Amino acid sequence: MRLDGKIAIVTGGAMGQGAGISRAFVAEGARVVIADVAKDAGQELADSLGEAAHFAHHDVSDQASWTALVEDTNARFGPVNVLANNAGILRFGEIENMPVDEVELLWRVNQLGCFLGMNAVTYTMRKNGGGSIINASSVEGLAGMPGCTAYAATKWAIRGMTKCAAMELGPKGIRVNSVHPGMIDTPMTRVHGGDAAMEYGASKVPLRRVGTPADVAPLYVFLASDESSYINGAEIAIDGGVTATHAFGG
Ligand SMILES: NC(=O)c1ccc[n+]([C@@H]2O[C@H](COP(=O)([O-])OP(=O)(O)OC[C@H]3O[C@@H](n4cnc5c(N)ncnc54)[C@H](O)[C@@H]3O)[C@@H](O)[C@H]2O)c1
């Protein structure tokens with residue numbers, strides 16, 4: 001069991017990549033709190049995973065919600081030592097037309113939510129022998145895409161915060177890394193065009209397919225485990241090769 005003894009919080013753990021991460025963490029021996037605003041899906045997943053999983057209703061953009069989540073996790077399973085800061089939302093919009101409240105919502109959930117997560121677990125982790133924080137950025141945190149400025153801003157911020165956090169928290173025994181998925185087949189992407197969007201996306205990928213939550217989860221397992229004990233401040237693309245080229249390469 002690669003995650004024996006690990007106590008993990010997976011935000012956005014009810015659906016998509018977060019559900020894949022939660023399943024993989026439990027399969028590798030971790031105890032997992034699935035933290036999400038989606039009550040029914042989160043509860044159903046936790047029930048299906050048995051005693052090693054628990055669902056907590058949690059909004060990553062709310063600091064009080066984080067305090068309660070970490071206290072509850074510590075009391076239920078023991079001191080949290082893995083945080084998968086995975087929750088996120090996607091909105092497209094051109095700079096000229098994008099409503100400011102949409103921009104602010106993206107910032108609150110994706111960027112502030114990631115910061116609050118790191119803020120909330122640091123005390124417990126440093127007092128209990130360290131931990132691993134895995135922040136979900138994106139290929140939109142490595143390069144640009146039209147119609148994606150507000151979302152990409154949050155993902156570049158997560159990449160930047162990860163570097164700062166890795167330097168600040170490394171001496172305290174806490175590793176912080178960012179993952180950069182390409183197009184992954186989840187409710188987030190399906191809502192923007194279904195099968196046709198997946199086929200179009202696949203045509204742009206050197207591996208000629210979009211990714212799945214099952215492709216992404218093993219990277220989280222690796223970063224959560226002690227196998228990655230010397231990896232800190234890294235940014236790891238998991239994108240079938242889409243960021244392997246420059247603009248003229250495809
Ligand atoms: N799907 C992709 O192609 C893709 C690519 C790159 C990066 N990402 C990033 O990966 C992460 C997971 O994305 P996904 O594709 O699984 O998305 P998804 O929409 O399928 O799942 C996201 C989960 O986050 C939850 N969530 C939303 N707002 C929340 C909040 N305020 N508090 C707590 N939970 C909240 C949702 O309920 C849902 O369960 C996100 O950070 C996303 O930006 C996704």
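The values are calculated or read from the model by the stated rules, or taken from the named source; none is laboratory data. This one's a predicted model, so the numbers in the text were calculated from it and none came from an experiment. Cβ coordinates were reconstructed from backbone atoms using ideal geometry, including for glycine residues, and neighbour counts include every protein chain displayed. Please note that ligands, DNA and RNA were not included when accessible areas were found on the heavy atoms of the full protein model with its side chains. Shrake-Rupley method; radii C 1.70, N 1.55, O 1.52, S 1.80 Å.
Could you pull out the residue among Gly141, Gly117, Gly129 that is in contact with a Leu (Cβ under 9 Å, 6 or more places away or on another chain) and among the small types (Gly, Ala, Ser)? First the steps, then the outcome.
Details: Gly141 fails: in contact with a Leu (Cβ under 9 Å, 6 or more places away or on another chain); Gly129 fails: in contact with a Leu (Cβ under 9 Å, 6 or more places away or on another chain).
Testing whether each residue is in contact with a Leu (Cβ under 9 Å, 6 or more places away or on another chain) and among the small types (Gly, Ala, Ser) leaves just Gly117.
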Note down all Cβ pairs under 6 Å where the first residue falls in the range 110-129 and is within 12 Å of Lys172 (Cα to Cα), the second is more than 10 Å from the ligand (Cβ to nearest atom) and of a type in the set (Lys, Arg), and they're at least six residues apart or on different chains. Arg126/Lys172
Which count do you get for residues in the range 29-75 that are part of a helix (DSSP H, G or I) and either within 12 Å of the ligand (Cβ to nearest atom) or at negative phi (or both)? 26
So which pairs qualify, if the first residue must be in the range 136-148 and touching a residue at least 40 places away in the same chain (Cβ under 8 Å) and of a type in the set (S, T, N, Q), the second must be more than 10 Å from the ligand (Cβ to nearest atom) and assigned to a loop (DSSP other than H, G, I, E, B), the Cβ gap must be under 8 Å, and the two must be at least 6 apart or on different chains? none
Subset of the range 167-187 that is crowded, with 20+ Cβ neighbours inside 10 Å and more than 11 Å from the ligand (Cβ to nearest atom) - its residue that is farthest from the chain's Cα centre (by Cα): Leu169
Pick from the range 188-210 the residues that are closer than 14 Å to Val139 by Cβ and free of Cβ contacts under 8 Å to residues at least 60 places away in the same chain: which of them is farthest from the ligand (Cβ to nearest atom)? Pro206
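When the residues of the range 1-28 are filtered to those that are of a type in the set (Val, Ile, Thr) and open to solvent by less than 10 Å² (accessible area, probe 1.4 Å), which remaining residue is farthest from the ligand (Cβ to nearest atom)?
Ile7
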Result of the Cβ filter at 7 Å on the range 52-66, keeping first residues that are within 17 Å of Ala8 (Cβ to Cβ) and open to solvent by 40 Å² or more (accessible area, probe 1.4 Å) and partners that are assigned to a helix (DSSP H, G or I) and charged (D, E, K, R), at least 6 apart or interchain, is His54/Arg76
Across the range 82-107, what is the total count of residues that are over 19 Å from Val139 (Cα atoms) and within 15 Å of the chain's Cα centre (by Cα)? 2
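Could you list, in sequence order, the residues of the range 114-143 that are surrounded by fewer than 24 Cβ atoms within 10 Å (Cβ to Cβ), within 16 Å of the chain's Cα centre (by Cα) and part of a helix (DSSP H, G or I)?
Taking the range 114-143 as the starting set, the residues that turn out to be surrounded by fewer than 24 Cβ atoms within 10 Å (Cβ to Cβ) are 115-116, 118-120, 122-124, 126-130, 139-140, 142-143.
This time we only want the ones that are within 16 Å of the chain's Cα centre (by Cα), so: 115-116, 118-120, 139-140, 142.
If the condition is that a residue be surrounded by fewer than 24 Cβ atoms within 10 Å (Cβ to Cβ), within 16 Å of the chain's Cα centre (by Cα) and part of a helix (DSSP H, G or I), then Phe115, Leu116, Met118, Asn119, Ala120, Val139, Glu140 are the ones that fit.
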Name the single residue that is farthest from Met15 (Cα to Cα) among those in the range 211-236 being open to solvent by less than 50 Å² (accessible area, probe 1.4 Å) and within 13 Å of the ligand (Cβ to nearest atom). Ile236
Name the pairs: first residue in the range 211-232 and within 14 Å of Asn81 (Cα to Cα) and part of a loop (DSSP other than H, G, I, E, B), second residue aliphatic (A, V, I, L, M) and open to solvent by less than 60 Å² (accessible area, probe 1.4 Å), Cβ to Cβ under 7 Å, at least 6 apart or on different chains? Ser225/Leu3
For Arg76, are the conditions met, namely being in contact with a His (Cβ under 7 Å, 6 or more places away or on another chain) and surrounded by fewer than 21 Cβ atoms within 10 Å (Cβ to Cβ)? yes
